[in-house]
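Below is one structure, written out as structure tokens; the observations come after it.
The values are calculated or read from the model by the stated rules, or taken from the named source; none is laboratory data. Every value quoted in this text rests on a predicted model; they were computed, and no experiment measured them. For neighbour counting, all protein chains shown are included, and Cβ atoms are generated from backbone atoms with ideal geometry for every residue, glycine included. Only protein heavy atoms, including side chains, enter the accessible area calculation; ligands, DNA and RNA are left aside. Shrake-Rupley method; radii C 1.70, N 1.55, O 1.52, S 1.80 Å.
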Amino acid sequence: MDEHTRKRIIAFTSQSVKQYGIRAVRMDIIARHTNVSKRTIYQVFATKDNLINTCLEAYSGRMQNRFQLIAYNNPDPLACLWETCKAYIENLYKGECIFWLDIYRHYQGIYLAINQIWWDELKKSIAACQSTHRIQASLDTDIFLRSFTELLYNARLAECAPEMLHYAASLMLKGVIVPQAGNKLNQSKSIVS
């Protein structure tokens, strides 16, 4: 199988999984929509789980590229953190609720892997803000991130509008920003008011 066909299979599978959930996506559907025989797909990926894991690896690579782009475009640590938070929220809306419920209930490893990708990047951004005295040094980052990500995840499952998640995220961040940085933040309008 050539690389172009392999990428098409990964792209179609990734999109289908985000739209319908892992359990609803079958190999025969993937084969039909990518014009590749089911047998060939199994020869390359061996199992549906291997194909899903390959999709997860591709996702991780895309997110790492995105994080680099966010950091490059936002040299200020606080602006970088906010842009990463917005990207996290946007990511929650790229998958349908059925996808998030499916991986949470039936594919905990995948759910945890996706969460870890974002957790690591958000933690790195918070540490950068703490080192520049923008966020309280005493903040327990793990507790904050657990509350932050769970709140946004649950709001997504409740089908709240993205604007509501942005607002909730901005309030949580404003609660841990040191006052001097908060003034600069409000002036620069980096975080939604």
Would you work out what percent of the accessible area of the chain, with all protein chains in place, is carbon or sulfur (probe 1.4 Å)? 53 percent
What order do THR54, THR13, THR132 take when sorted by accessible area (1.4 Å probe), most exposed first? THR132, THR54, THR13
List, largest first, the extents of the alpha carbons of the chain along their principal axes, each in whole Å. 61, 33, 25
Charge dipole (debye, nearest 20) of the range 1-61; +1 at Cβ of Lys and Arg, -1 at Cβ of Asp and Glu: 240 debye
For the chain, what does the helix formula give at 222 nm: sum of -39500 (n - 2.57) over DSSP H segments with n ≥ 4, over the residue count, nearest 500 deg cm²/dmol? -26000 deg cm²/dmol
Charge dipole of the range 38-193 built from unit charges on the beta carbon (Lys, Arg +1; Asp, Glu -1), centred at mean Cα; most positive-end Cα among ASN115, ILE70, TRP100 is ILE70
So if a site counts as exposed when it's one of the GluC sites (Glu not before Pro), its DSSP state isn't H, G, I, E or B, and it has at most 16 other Cβ atoms within 10 Å, what's the longest stretch of the chain without one? 1-95
Can you tell me the relative contact order of the chain? Whole percent, Cα pairs under 8 Å, sequence separation 6 or more. 22 percent
For the chain, set up a GNM with springs between Cα atoms under 10 Å and report which of TYR59, TYR93, TYR104 has the largest fluctuation. TYR104
Solvent-free Debye scattering, log10 I(q)/I(0), computed from the Cα coordinates of the range 1-68 at q = 0.19, 0.23, 0.27 Å⁻¹: -0.70, -0.99, -1.30
Please report, largest first and rounded to whole Å, the three semi-axes of the ellipsoid equivalent to the range 44-150, where each semi-axis is the square root of five times an eigenvalue of the C-alpha gyration tensor. 28, 16, 11
Average accessible area per residue (Å²) across the chain - probe 1.4 Å, nucleic acids and ligands excluded: 54 Å²
Normalised by the empirical 2.2 N^0.38 Å for globular proteins, what value does the Cα Rg of the range 100-147 take? 1.41
Residues in the range 153-180 that a label on ILE143 would reach, taking backbone N under 14 Å of a point 7 Å out along Cα→Cβ: 176
